[in-house]
1. Send over the semi-axes of the chain's equivalent ellipsoid, whole angstrom and largest first, taken as the square roots of 5 times the C-alpha gyration tensor eigenvalues.
2. Can you give the net charge of the other residues whose Cβ lies under 14 Å from the Cβ of SER199, counting K and R as +1 and D and E as -1?
3. For segment 1-116, what class follows from the C-alpha gyration tensor (a ≥ b ≥ c being the square roots of its eigenvalues): rounded when a/c is under 1.5, otherwise prolate if a/b is larger than b/c, else oblate?
4. If you put +1 on each Lys and Arg Cβ and -1 on each Asp and Glu Cβ, how big is the dipole of the chain around its Cα centre, in Debye rounded to 20?
5. Which of THR121, THR270, THR186 ends up with the largest GNM mean-square fluctuation for the chain, with Cα atoms connected below 10 Å?
6. What FRET efficiency, computed as 1/(1 + (r/R0)^6) with R0 = 25 Å and r the Cβ-Cβ distance, is obtained for LYS161 and GLU100, rounded to the nearest 0.05?
7. Of the listed pairs LYS17/LYS134; LYS138/LYS161; LYS17/LYS93, which have alpha-carbon separations greater than 25 Å here?
8. Would you mind putting 63-71, 148-156, 219-227 in packing order, based on average other-beta-carbon counts within 10 Å, highest first?
Amino acid sequence: MGLEFPNPVGLAAGLDKDAAHIDALARLGFGFIEVGTVTPRPQPGNPRPRLFRIRAREALINRFGFNNAGIDAFVANVDRARWRGVLGINIGKNADTPAERAAEDYELCLVKAYSRASYITVNISSPNTQDLRKLQEKDPLDALLWRLAAARERLAERHGKRVPLVLKVSPDLDVSQVTAICEAVTRHGIDGVIATNTSVSREGVEGLRHAGEAGGLSGVPILERSTRILSMFHGLLHGKAALIGAGGIVSGGDAAQKFAAGASLVQLYTGLVYRGPRLVSECVSAYRAK
């Protein structure tokens, strides 16, 4: 993506939704940090409780629903941070924005975040905002990426830098959907793909406490599913976009699987909850040993 990373292990979006803790998180050894998801207007997210641990499987189910303070408060927090490492900004749409106007929300966030970001991630794969995943379908995705790519060209001229655009996808895609997304990524010059977000599947946690809760499943049970999707993108994109592996990494060995499947970078979230900051250095060591 034209960026230099001190190491390939990053923090996934969702932990620091408002970019309020960048300096503290940067001290944990990450090679890059992704903050958000941020929306144009503040919103409270879904009703509580909305986060559940499934300890026996080192998993989480969340249905936060893009709770955040809005893009203006978000960029003010970014501006206050002193850390100057690789910063990804993850953007989304407000829950009450109609699907036909979703691109407006993404473009507004892109414009306001552009000058602060090392790269910008377009989140169209959270299962916790109604109909958001429909933006992964061929025609809506084509329209969204065309608009954002055009806006990026205008912003690049205005700011004198071309900020990479990254697409975050679901682990619940089939082969035809992955193929269509790869075609759109190539057509619109998208620089990277994060594979993957959380899953609506409950495979691997059946019968366990909280397994029936609505929301996205993350952690150990989605490792295989997520890595399979990552491998599909690797096979179809042929290096035309950088791949960031996320989903189910709770050990250096899991990170190694992502690198072997085609990832240039990996991201942590749920593994960090269960393993703590030592997981970061463990994954860095796995990369150096590969």
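Rule-based calculations on the coordinates, nothing more; no lab input. On a predicted model such as this, the values are computed, not experimentally measured, just so you know. Cβ: placed from backbone, ideal geometry, glycine included. Neighbour counts: every protein chain shown.
1. Values: eigenvalues 126, 91, 83 Å².
Each semi-axis is √(5λ); the values are 25, 21, 20 Å.
2. Working: positive: ARG57, ARG63, ARG133, LYS168, ARG202, ARG225, ARG228; negative: ASP172, ASP174, GLU203, GLU206, GLU213, GLU224.
Residues close to SER199 contribute a combined charge of +1.
3. Cα axes put segment 1-116 in the oblate bin.
4. Numbers: 37 positive and 29 negative charges, 135 e Å.
Roughly 640 debye for the chain.
5. THR186
6. Details: r = 31 Å, r/R0 = 1.26.
Step by step, r from the Cβ atoms, then E = 0.20.
7. Beyond 25 Å: LYS138/LYS161.
8. Order by mean packing, descending: 219-227, 63-71, 148-156.
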